[in-house]
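Each reported figure results from applying straightforward, stated rules to the coordinates on display, with no laboratory input. Quick caveat: nothing in here was measured; it's all calculated off a predicted structure. As a convention, Cβ positions derive from the backbone with ideal geometry for all residues, glycine included, and neighbour counts pool all protein chains shown.
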Amino acid sequence: MSKYDPMKFWKQTIARSSKLCQICNKLIDIGETYYCERLTDSKINFISKKICSDCYKYLNKRDKK
Ligand SMILES: [Zn+2]
């Protein structure tokens, strides 16, 4: 767990170019919804993770336990 974890949230985004999910490596096509990791403090320089909606659902389920 990193010190930034409490500030992280997932922002729903529509892909403007095709991307690869960084968890399952699935192709996220243009126009598809994906989720981009952000910090609530935008001043911190942070490399965000991009994941597909399936992985997002999976992560959400796991976090609620
Ligand atoms: Zn994925």
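Out of curiosity, is I23 near the ligand (Cβ under 10 Å from one of its atoms), in a strand (DSSP E or B) and not acidic (D, E)?
Details: near the ligand (Cβ under 10 Å from one of its atoms): yes; in a strand (DSSP E or B): no; not acidic (D, E): yes.
So I23 does not fit the description; no.
Those residues that are over 12 Å from the mean Cα position of the chain (by Cα) and under 20 Å from N60 (Cβ atoms), I need them from the stretch 29-45; list them, please. Please lay out each step first, then the result.
Within the stretch 29-45, the first condition is being over 12 Å from the mean Cα position of the chain (by Cα), and the residues that meet it are 29-32, 40-45.
Of everything in the stretch 29-45, those that are over 12 Å from the mean Cα position of the chain (by Cα) and under 20 Å from N60 (Cβ atoms) turn out to be E32, T40.
Quick one: in the stretch 26-39, of everything that is in contact with a Lys or Arg (Cβ under 9 Å, 6 or more places away or on another chain) and either aromatic (F, W, Y) or assigned to a strand (DSSP E or B) (or both), which residue is surrounded by the fewest Cβ atoms within 10 Å (Cβ to Cβ)?
If we take residues in the stretch 26-39 being in contact with a Lys or Arg (Cβ under 9 Å, 6 or more places away or on another chain) and either aromatic (F, W, Y) or assigned to a strand (DSSP E or B) (or both), then L27 is surrounded by the fewest Cβ atoms within 10 Å (Cβ to Cβ).
Checking the conditions here, which among S48, S42, S17, S2 is within 16 Å of the ligand (Cβ to nearest atom), of a type in the set (G, A, S) and in a loop (DSSP other than H, G, I, E, B)? Talk me through it step by step, then tell me what you get.
Details: S42 fails: within 16 Å of the ligand (Cβ to nearest atom); S17 fails: within 16 Å of the ligand (Cβ to nearest atom); S2 fails: within 16 Å of the ligand (Cβ to nearest atom).
Sole residue among the options that is within 16 Å of the ligand (Cβ to nearest atom), of a type in the set (G, A, S) and in a loop (DSSP other than H, G, I, E, B): S48.
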